[in-house]
Amino acid sequence: PKLNLQFLTTYDYLLRNFKLYRLESAHGIRSDLADVAKRVQPALRSDKTVFQGWSRKALEIRDFDIKTVKNPRLGTSIPDAVIATFYYDLKVLSSQLQQEWDDGIREMDAMFLMAFDASAKEVIEAEQPKEDDPAFPKRFGIVGVRGCTVVSVTDEKGTVLSGSDKAWQETPPRPVGTVRCIQVQIDPAQYAEDVRNGMTHIYDKLNLVVKRDARTNNFHSLLSTLVEILSGPAMQIPAWMQSILLGYGDPTKCKGGKKPDRLDFSDTFINRE
């Protein structure tokens, strides 16, 4: 959405748009996770959380393991990178959805890991739409959500399926089997906070991975770009555009002006015929 306001400086313009887009992205992510939680229907069976339903955007994961926690860079207090791996099986999906998962996950894509504990579900009588339900984590037994970015996806033979050059290959490799091993980078800032608060056990409870539509899943790159611009040197914007961008200029000055009623072709034509 457009703000349609006046801004003090270019920095003020970018900062306000950054905050607005961050809130908009958070709302979209929350709506998608609530929809997935409603569809997978977590339940308790033999003291174990199982999923009675399914969603085309989510798959159950197993063997989640944090492989590497790199030391913080000089002057920072959060790890440089937190690398983890886990597995998921595509056999519960149709062949079309299996191909959608194999073709739709690329390096640096953002994904979300959810931890469901059916024993922590609370019965809430008031039913509300998923977008307006503040109690949906308790309603479905969600005890944690963590974000990650894809590093690589491999099949049962170890063939990389998420390479950026796959789209340019005439005959891309066909996946072997239905089990996929995915290597991801966990949000290092969130991981550092979990360590400080003694919440690292949440990673042992992660049991569902959620992928989002590619058209709405570019929030990470956009927000990262805005952060780099805001933390970098001041942007140099042409004077004729700056006043228009900040909302207090004359928009007509950015246009070419009104076209004349008659055009002078000079000596292009010898005569009217």
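Does any residue of the stretch 25-42 turn out to be in a strand (DSSP E or B) and open to solvent by 30 Å² or more (accessible area, probe 1.4 Å)? No, because not a single residue in the stretch 25-42 is in a strand (DSSP E or B) and open to solvent by 30 Å² or more (accessible area, probe 1.4 Å).
Annotation note: Cβ proximity below 8 Å between a residue of the stretch 216-229 that is in a helix (DSSP H, G or I) and a residue that is open to solvent by less than 70 Å² (accessible area, probe 1.4 Å) and hydroxyl-bearing (S, T, Y) (sequence gap 6+ or interchain) occurs for F219/Y21; F219/S25; H220/T149; L222/Y21; L223/Y21; L223/S25; L226/Y21. For the stretch 59-93, the set of residues classified as in contact with a Ser or Thr (Cβ under 7 Å, 6 or more places away or on another chain), farther than 20 Å from A110 by Cβ and basic (K, R) consists of K91 only. Evaluate the stretch 231-246: report whether one residue or more is out of contact with any Leu (no Cβ under 9 Å at 6 or more places or on another chain), open to solvent by 60 Å² or more (accessible area, probe 1.4 Å) and either closer than 30 Å to A43 by Cβ or modelled with pLDDT of 80 or more (or both). Yes, the conditions are met somewhere in the stretch 231-246.
The values are calculated or read from the model by the stated rules, or taken from the named source; none is laboratory data. The structure displayed is predicted, hence computed values, not measured ones. Glycine also receives a Cβ, built like all others from the backbone with ideal geometry; neighbour counts cover every protein chain displayed. Protein only, heavy atoms only, side chains kept; ligands, DNA and RNA dropped before computing areas. Shrake-Rupley method; radii C 1.70, N 1.55, O 1.52, S 1.80 Å.
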